[in-house]
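Note sheet for the following structure.
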Amino acid sequence: AVERTLSIIKPDAVAQNVIGEIYSRFERAGLQVVAARMTHLGREQAEGFYAVHRERPFFNALVEFMMSGPIMVQVLEGEDAIRKNREIMGATNPAEAEAGTIRHDYAESIDANAAHGSDSPETAATEIAFFFDSNDIHSRG
Ligand code: CMP
């Protein structure tokens, strides 16, 4: 099915100047960027976006990292977009990510892991709404 997913290029990857390189990977996989903006999260926003992880031991480090620099946020649309995006990103821990994936190529650690992608249709809907008004999403078929 055609799906939408929320993708974030995290501060470490933005700092490496590989936004375009990463967009090319999405496009080559048949995913379309249908909404996008650059932002720099404050604490409240970072905590809000990752609220489901609030009780995890890595929560504070995750929030600090996500506030450490600008990020690029986009909605990707296409057949099987959620799974495709996760495949392109590779495993959460870059030490386990397959060659040729974003995290293998650009991530330093499980904390600084270059990219985020929604993990289900339900979280995709919530995460997309966190960053974008429906008027700012432009499907082109
Ligand atoms: P992300 O897909 O953005 O979702 C939550 C983030 O928490 C994850 O990527 C990792 O960068 C970070 N994180 C740090 N430690 C862990 C862990 N042990 N398990 C899962 N995510 C972790």
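What follows draws every value from the coordinates through simple rules; no lab data is involved. Remember, predicted model here, so these are calculated numbers, not experimental data. Ideal geometry is used to build each Cβ from the backbone, glycine not excepted, and the neighbour counts take in all protein chains shown.
From the residues SER120, ALA81, SER68, which one has its Cα farthest along the dipole of the range 67-141 in the positive direction, the dipole being from +1 and -1 charges on Cβ of Lys/Arg and Asp/Glu about the Cα centre?
Checked the options; the winner is ALA81.
Test of understanding: given the chain, find the longest segment containing no trypsin sites (Lys or Arg not before Pro) that are in a DSSP loop and have at most 12 other Cβ atoms within 10 Å. If you can, show how the numbers build up before the last one.
On the way: sites that count: ARG54, ARG140.
Between exposed loop sites, the widest span is 55-139.
Taking the range 1-87, which GluC sites (Glu not before Pro) meet the DSSP loop condition and have no more than 12 other C-beta atoms within 10 Å?
Working: sites: GLU3, GLU21, GLU27, GLU44, GLU47, GLU55, GLU64, GLU77, GLU79, GLU87; in loops: GLU55.
Passing sites in the range 1-87 are GLU55.
Go ahead and estimate [θ] at 222 nm for the chain from helices alone: -39,500 (n - 2.57) per DSSP H run with n ≥ 4, summed, over the residue count, rounded to 500.
Working: 7 runs with 55 residues, N = 141.
Mean residue ellipticity, 222 nm, calculated: -10500 deg cm²/dmol.
Taking a ≥ b ≥ c as the square roots of the Cα gyration tensor eigenvalues, with a/c under 1.5 meaning rounded and otherwise prolate when a/b beats b/c, else oblate, which class fits the range 11-115?
Verdict is prolate for the range 11-115.
Kindly give Rg over Rh for the range 54-119, based on alpha-carbon atoms, with the Kirkwood expression for the hydrodynamic radius.
Reported Rg/Rh (Cα atoms, Kirkwood Rh): 0.98.
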